[in-house]
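Worksheet: one structure, shown below.
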């Protein structure tokens, strides 16, 4: 079975692309969901986050206060790197276990990993798909989706590699600038291509 990674940038349409692969019967796993599981109450991951960032990132219910943590890590590069050092090894192990658990007859499966290139995980996969859109569209989407200022949106985007750099390294690119139907057509074409290789 071929291990395929799906990546992109914040608000480049990765989730839409992953859901379309899933709708077409391709097994997918979302690293963002695995990252949430990694810091669930009672986990070693949440304990490590609390040790590094303090109780101010924990809600009164004992869960991670994602908004408080985001405010820290998107304004302090070292804090972001420290958080990644806690979360990424846990997510990597969970992703590997997911692939191992799939049937041998499955031709390929997809792991959606937002920071694939940033953390050097591209070497772990047989192929990489990048979901990409124009930088201006990316800024507008972050502002609309998260209700943040343009400056805040640009800072969040700047925390990741430029999308053009990811596109240059990709084996396959899904252009999400068009309609949802156009994106879906590209995914269908890619499923056919990956199923033959």
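Quick note: the coordinates plus some simple rules give every number you see, no bench work behind them. Since we're looking at a predicted model, the values are computed, not measured. Methodologically, a virtual Cβ is constructed for each residue, glycine included, from the backbone with ideal geometry; neighbour enumeration extends over all protein chains shown.
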* **Over the chain, relative contact order from alpha-carbon pairs under 8 Å, at least 6 apart, %** => 37
* Calculated from DSSP H runs of 4 or more alone, at -39500 (n - 2.57) each and per residue, what is the 222 nm mean residue ellipticity of the chain, nearest 500? -> -16500 deg cm²/dmol
* **Label-to-label distance, nm, for residues given as residue 65 and residue 119 (7 Å Cα→Cβ offset)** => 2.5
* Between residue 192 and residue 175, what length in nm is gained on full extension when 0.36 nm per residue of separation is reduced by their alpha carbon distance? -> 4.4 nm
* Who wins for biggest fluctuation among 174, 100, 163 in a Gaussian network model of the chain, springs between alpha carbons below 10 Å? -> 100
* Asked: In a solvent-free Debye calculation with one equal scatterer on each Cα, what is log10 I(q)/I(0) for the chain at q = 0.09, 0.12 Å⁻¹, listed in the order of the q values?
  -> -0.35, -0.63
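Restricting to Cα pairs below 8 Å that are 6+ residues apart, what does the relative contact order work out to for the stretch 32-101? Please round to a whole percent. If you can, show how the numbers build up before the last one.
Numbers: 50 pairs, mean separation 24.3, N = 70.
Relative contact order here is 35 percent.
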* Structure fact -> When 190, 102, 6 are ranked with the fewest other C-beta atoms within 10 Å first, the list becomes 102, 190, 6
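For the chain, what is the percent of antiparallel DSSP beta bridges, rounded to the nearest 5?
Numbers: 1 of 18 bridges.
Taking every DSSP beta bridge with both residues in the chain, the antiparallel ones total about 5 percent.
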* So, in nm, how far is label residue 151 from label residue 106 when the simple model puts each one 7 Å beyond its Cα toward the Cβ? -> 4.5
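Please report 63, 28, 51 as a ranked list, fewest other C-beta atoms within 10 angstrom at the top and most at the bottom.
On the way: 63 13, 28 18, 51 9.
So the ranking, lowest neighbour count to highest, is 51, 63, 28.
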